[in-house]
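First up is the structure itself, then whatever we jot down about it.
Nothing in this text is a laboratory measurement; each read-out follows from the coordinates by a stated rule. Quick caveat: nothing in here was measured; it's all calculated off a predicted structure. As a convention, Cβ positions derive from the backbone with ideal geometry for all residues, glycine included, and neighbour counts pool all protein chains shown.
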Amino acid sequence: MGKVGVVMCPCELEGMTLFDPEVLVEGLKGRKDVLPLIHHQPVCSESGVEAIRAFMEGNGLDRVVMACSKPELFGPTFKKALRQWGLNPSLSGVLGIRPTAERKGSDDLQEALHVIEEGIDEIKRRKPAKGEKTPFVKRAMVIGGGITGITASIDLGNGGYEVLLVDRLPSIGGRMLQLSETFPTLDCAQCTLTPKTVETGQHPHIRLITYAEIESVSGEVGNFLVKIRRKAAYVDWEKCTGCGLCQEKCPSKVPSEFERGIGPGKAIYTLSPQAVPNKPVINPEVCRYFTEGKCRVCEKVCLTDAIDYAQEDTFIEERVGAIIVATGFDLYRKEDIGEYGYGDVPDVIDGLAFERLNSASGPTAGEIRRPSDGHIPKEVVFIQCVASRDPERYMPYCSRACCMYTAKHARLYKHKVHDGHAYIFYMDIRSMGKGYEEFIQQGMEEGILYLRGRVSRLFRDNGHVVVWGADTLTGKKVEIAADMVVLATAMIPSRGAKELAEKLHIGTDEYGFLTEAQCKLYPVESGVEGIYLAGCAQGPKDIADTVAQGNAAASKVQALFAQH
Amino acid sequence: MDKPMTTVELPDIEGRQTFLAEVQERCGENLGLCYQCLKCTVGCPTAPYMDFNPNTIVRLIQFGLKREVLESNAIWLCVSCETCGTRCPNEIDIGLLMDALREMSLEEGYRAKEKGVVALHNAFMESIRRGGRVHEATMLMEYKLRSGDYWTDLIPGMKLFMKGKIPLLPGRIKGIDSIREIYKKTQKQRKVLEDREGKSK
């Protein structure tokens, strides 16, 4: 075996420097199996890359270890370059060496040397793949069937690539399917989304794998092997025609998760009448047959004998070349917020519940009626920044969409209840999208009263929800006996996002949002080549931004596929 | 906060809506648009002497706190310089608003916090009614009678008079009839105001 090349980057970052390359080379002097290159410009520069090529070519090297400070940024570029030079990228490695303020901290130096030596040994152990190269699979998997995943899938499908769209729920559409109308145009969410979901369902290049979760992922770019668990639906989707009779006749009535607990759902359900695919599933936790051992009404009424109580989870394995992760968000649980009643005050609901309340397909058919007694609320208090921007107790970040959707809620409420009164407690109003500020102003014109301050307590009193808040503009405390309170709770990563990230070997931040390779220049790349991020899985954002990211991730995948 | 935070007692929705609607109707401004950016207040020459800043007045109207607004001295200390309205990002003309509030305050029998301002205003209007333009000597005399403040600025006034800066006899403009016509048309309202002034003394 020939020698292994070692390249040290002399790059300087924010006044911090890497170890002096010459000192490091001095430390490697004892090893006869390495050939070091010292280049006095950053290796990621054009001259740096060129120098490495000349160095490898001149010495007949096929293996090289690179030590630089940002391997996640330079690594993919370097591997691409190796491929272009006709070398096998898997025989080279890019190591991360932390920059240090001191050029000669001896402990740090030893540690860095240790990392480099281990890297060299690891590279020496690698063997070139025998036989032909494994073929590059030009089909993509999109995890998460919300508006982001749908957007990315349609783009990829239109590009001619085969797409597998995996969703945890029985049908696609995600959070947007729960929304009533969207800002800043007040379009009906379902009217804008349904054509997209239908297009996805009927697209010749898109295959839906719904009610399924990712079990494990192995392999690398061009050849990921993904194992998927298809949860038991207890309904044979091949036989089912989606007539809906089973849902109509199902005797169980339980608070529906989709309706955010303010409306009833059935044990056998689809998420909406326009669900794609329009096939029901049985929730065994509430189904009378599964819990009490008798009922079987759905089985009796089904015209095609599609009900199958004995169904079990099945596993599918799929090979894909690239993966887009668009797992979306959840809302911070209002049950965890003490000062707002731990979710025990019945007329305190969260933003998504208000969306359901206002939605024509929701439990009240779009009439604003408060959950406790069905009365039309005359005074509604909306509270922004609930569990957002609260580093001490909840989430330190801004959830980005709440200023806008709260204004939207208040406006929609006033459009429906003309003599109603809407108050919004806010800290700042962040309306930086196109047409957003105008939207807020329109709301003020329509008579929404904005109160600058937080709410310290909510409690139920005599059928009202009493709100203790502040108006810092007058420096006074404000007490409002409201009929209903809507909390704009923080967006958090969707349940299980962290576990999924671990399976994919991609990073998450401390809150569980997936981390991009670099926040400005590589916003949809993960740290792993071939895996891309989009939408609220990466951080809170509104629909416009999330769709843009879905488009971006899809175009990245297409560029990747086009190279092979 | 250097002051203890007191609780503001919001009136019921109806009262609140009525007051807001009434004020908006009168001044023709949409007060819902207020950003509370405080541009009006920081530019206001008399805000330091007001009990409520101009932006707070808008806030109190939104809250429907009628008594607080109509009893405040802020509405009387406003000199209608229009700096606020010129600078407001939402084109709320606070000068017009203050005018409307002053009228409402008098009409509804609230005690004007700054009696002198009302007295001077009325003396000014009377002076114009008499001659078509202001005649300082008679106007000031009337003001002093109305306000009961006989001594303030007496010496500077005498000095001005000695230098011939204040003409002794009131003149009359040519178009006095037109002026009178205007007064006649607005007489009814004026009468009310006069009565109020009498009452609040």
What's the percent breakdown of Cα-Cα distances in segment A:116-206 across 5 Å bins, shortest bin first?
3, 12, 18, 15, 10, 8, 7, 7, 7, 5, 5, 3, 0
Antiparallel DSSP bridges in chain A: what percent, to the nearest 5?
50
Among B:N122, B:N90, B:N55, which one shows the highest mean-square fluctuation when chain B is modelled as a Gaussian network with alpha-carbon springs under 10 Å?
B:N90
What is the diffusion coefficient of segment A:229-299 in µm²/s, taking the Kirkwood radius over Cα pairs and the Stokes-Einstein relation at 25 °C with a viscosity of 0.890 mPa s?
196
Using θ = phi - 60° and Karplus 6.51 cos²θ - 1.76 cosθ + 1.60, couplings along segment B:93-107 (whole Hz; Gly, Pro as x):
8, 5, x, 4, 4, 5, 4, 4, 5, 4, 4, 4, 4, 5, 4
How far is helix A:106-125 tilted, in degrees, relative to the longest principal axis of the Cα atoms in chain A, given as a value from 0 to 90 rounded to the nearest 10?
80
Paired Rg and Dmax values of segment A:508-564, which use every Cα atom, in angstrom
11.3, 36
Distance from segment A:317-353 to segment A:464-518 (C-alpha centre basis), Å:
9
Based on alpha-carbon positions alone, could you give the equivalent ellipsoid semi-axes of chain B from the gyration tensor, as √(5λ), descending, whole Å?
34, 20, 17
Output for segment A:113-172: trypsin sites (Lys or Arg not before Pro) sitting in coil per DSSP, at most 14 other Cβ within 10 Å, listed by number, reads A:R126, A:K130, A:K133
Compute the relative contact order of chain A as a whole-number percentage, counting only Cα pairs closer than 8 Å that sit 6 or more residues apart in sequence.
13
Placing +1 on the Cβ of each Lys and Arg and -1 on the Cβ of each Asp and Glu in chain A, which of A:A232, A:S456, A:L35 has its Cα farthest towards the positive end of the resulting dipole?
A:A232
Please enumerate, by chain and number, the lysines with C-alpha under 24 Å from the C-alpha of B:K174, excluding those fewer than 8 residues away in the same chain.
B:K165, B:K184, B:K185
Taking a cut-off of 22 Å between Cα atoms, list the lysines near A:K249, but don't count ones fewer than 8 places away on the same chain.
A:K239, A:K266, A:K279, A:K294, A:K300
The summed charge of the A:F439 Cβ neighbourhood (under 13 Å; Lys/Arg +1, Asp/Glu -1) stands at -3
Specify the angular offset, from 0 to 90 degrees and rounded to the nearest 10, of the alpha carbon long axis of helix A:46-59 from the longest principal axis of the alpha carbons in chain A.
50
Please list, ordered by chain and number, the residues whose modelled amide H lies under 5 Å from the amide H of A:I307; skip anything fewer than 5 residues away on the same chain.
A:D236
Debye calc, one equal point scatterer per Cα of segment B:13-107, no solvent, log10 I(q)/I(0) at q = 0.25 1/Å comes to -1.48
Give the shape of segment A:420-554 as rounded, prolate or oblate, defined through the alpha-carbon gyration tensor: a ≥ b ≥ c are the square roots of its eigenvalues, a/c under 1.5 means rounded, and otherwise the shape is prolate if a/b is larger than b/c and oblate if not.
prolate
Counting only DSSP loop positions in segment A:274-378, the GluC sites (Glu not before Pro) whose Cβ has at most 13 other Cβ atoms within 10 Å are A:E285, A:E312
Taking DSSP loops as anything outside H, G, I, E and B, show the longest stretch in chain B free of GluC sites (Glu not before Pro) there with at most 16 other beta carbons within 10 Å.
B:115-201
So what's the Cα pair-distance distribution over segment A:331-491, bin width 5 Å, in %?
2, 9, 20, 23, 23, 15, 7, 1, 0
May I ask for the percentage of alpha-carbon pairs in chain A that lie more than 30 Å from each other?
60
Quick one: work out Rg over Rh on the C-alpha atoms of segment A:154-312, Rh as Kirkwood radius.
1.00
Looking at chain B, which longest stretch skips every one of the chymotrypsin sites (Phe, Trp or Tyr not before Pro) that is in a DSSP loop with at most 12 other Cβ atoms within 10 Å, leaving the sites themselves out?
B:1-149
Would you give the gap between the C-alpha center of segment A:371-395 and the C-alpha center of segment B:55-97, rounded to a whole Å?
31
Proximal lysines to A:K408, defined as alpha-carbon separation beneath 20 angstrom and excluding residues fewer than eight positions away on the same chain
A:K378, A:K416, A:K434, A:K541
If we restrict to alpha carbons, what Rg and Dmax does segment B:114-177 come to, in Å?
12.3, 36
Using only alpha carbon positions, build the gyration tensor of segment A:443-521, then give the equivalent ellipsoid semi-axes as the square roots of 5 times its eigenvalues, largest first, whole angstrom.
40, 18, 12
Which value at 222 nm does chain B reach when only helices count, each DSSP H run of 4 or more adding -39,500 (n - 2.57), with the total divided by all residues and rounded to the nearest 500 deg cm²/dmol?
-17500 deg cm²/dmol
Whole-Hz Karplus couplings 3J(HN,Hα) for segment A:492-503, θ = phi - 60° and coefficients 6.51, -1.76, 1.60, Gly and Pro as x, run 10, x, 5, 3, x, 5, 5, 5, 4, 4, 5, 4
Over chain A, the sum of -39500 (n - 2.57) across DSSP H runs of at least four, divided by residue number and rounded to 500 deg cm²/dmol, gives at 222 nm -8500 deg cm²/dmol
Determine the relative contact order of segment B:39-170: mean sequence separation of Cα pairs under 8 Å and six or more apart, normalised by residue count, in whole percent.
18
